[in-house]
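Here's the structure, in structure tokens; my notes come after.
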Amino acid sequence: MDAILLRPARGQRAVLADRAEARVGLGLVGDRSAAARQADPKRRRQVTLIQAEHLAVVAALLGKTGIDPAGLRRNLVVSGVNLIATRSLLKGQVLCLVFGNDPGAADTAMFEVSGNCDPCSAMEAELGFGGYNAMRGHGGVTARVVREGWIESGMPVWVVERPEGEG
């Protein structure tokens, strides 16, 4: 995982964090999304993720040398994982993202990808003219926490089939 970003309040820029606690039904402790709601394990948008590789694509589409992920209002920046592909369901399979050195460990945080995280009009203000369209198809995904745990910047990210009894 490349970065953890927590949004302290609506309209405020995300803050970089070294680690965060993922809680079932809430999302990431310290993020406005988790603080503003009661726990609901079925809520689909608890955490947002974006691929680091897409930041370079968006920057290129806008003629910029780089994009600061803090302005994109996503919680986690990951690389080496095709986030959109995790939504592909084969024979009822549900794929999850596990954060940690051992994807089979019971104390690793696990997230189920629940949908696309489409851009909003705020991308024009953040990225300039064309920001919204540059983000289309590159906005990342939403997820819900199905197993609690701590996540840290630099942790490996694994794609696994959701074990029975989780979520």
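The values are calculated or read from the model by the stated rules, or taken from the named source; none is laboratory data. For clarity, every value in this text was computed on a predicted model and none was experimentally measured. As a convention, Cβ positions derive from the backbone with ideal geometry for all residues, glycine included, and neighbour counts pool all protein chains shown.
Numbers at a glance
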item: Test: Arg10 is over 20 Å from Phe99 (Cα atoms) and of a type outside the set (A, V, I, L, M, F, W, C); result: yes
item: When residues of the stretch 34-57 are limited to those that are buried (at least 19 other Cβ atoms within 10 Å of the Cβ) and touching a strand residue (DSSP E or B) at 6+ places or on another chain (Cβ under 8 Å), the one farthest from Cys96 (Cα to Cα); result: Leu55
item: Some residue of the stretch 154-167 being part of a strand (DSSP E or B), modelled with pLDDT under 95, crowded, with 18+ Cβ neighbours inside 10 Å and not acidic (Asp, Glu); result: yes
item: Matching residues in the stretch 2-33 - criterion: being surrounded by 19 or more Cβ atoms within 10 Å (Cβ to Cβ), of a type in the set (A, V, I, L, M) and under 15 Å from Ala70 (Cβ atoms); result: Ala3, Ile4, Leu5, Leu6, Ala14, Ala20, Leu28
item: Qualifying residue in the stretch 128-141 (condition: closer than 17 Å to Glu21 by Cβ and either surrounded by 13 or more Cβ atoms within 10 Å (Cβ to Cβ) or not polar (S, T, N, Q) (or both)); result: no
item: Residue list for the stretch 111-147, restricted to those being in contact with a helix residue (DSSP H, G or I) (Cβ under 7 Å, 6 or more places away or on another chain), part of a helix (DSSP H, G or I) and of a type in the set (A, V, I, L, M); result: Met123, Leu127, Ala134, Met135
item: Single residue of Gly63, Gly71 found to be under 27 Å from Phe129 (Cβ atoms), without any contact (Cβ under 8 Å) to a residue 24 or more places away in the chain and not hydrophobic (A, V, I, L, M, F, W, C); result: Gly63
item: Single residue of the stretch 10-30 satisfying the filter (assigned to a loop (DSSP other than H, G, I, E, B) and in contact with a Gly (Cβ under 8 Å, 6 or more places away or on another chain)) that is modelled with the highest pLDDT; result: Ala14
item: Residue, nearest to Thr142 (Cα to Cα), within the stretch 95-110, restricted to residues that are in a loop (DSSP other than H, G, I, E, B) and touching a strand residue (DSSP E or B) at 6+ places or on another chain (Cβ under 6 Å); result: Thr108
item: Pairs where the first residue, in the stretch 148-167, is farther than 11 Å from Leu95 by Cα and the second is among the hydrophobic types (A, V, I, L, M, F, W, C) and not in a strand (DSSP E or B), C-beta under 7 Å, 6+ apart; result: Glu148/Val24; Ile151/Met1; Ser153/Met1; Gly154/Met1; Met155/Met1; Val157/Met1; Val157/Val81
item: Among the residues listed as Ala125, Ala109, Ala70, Ala60, the single one being buried (at least 21 other Cβ atoms within 10 Å of the Cβ) and small (Gly, Ala, Ser); result: Ala109
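One line per residue, one yes/no per condition, for (1) at pLDDT 90 or above; (2) within 18 Å of the chain's Cα centre (by Cα):
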residue	(1), (2)
Pro69	yes, yes
Val78	yes, yes
Thr86	no, yes
Leu97	no, yes
Leu127	yes, no
Gly137	yes, yes
Val141	yes, yes
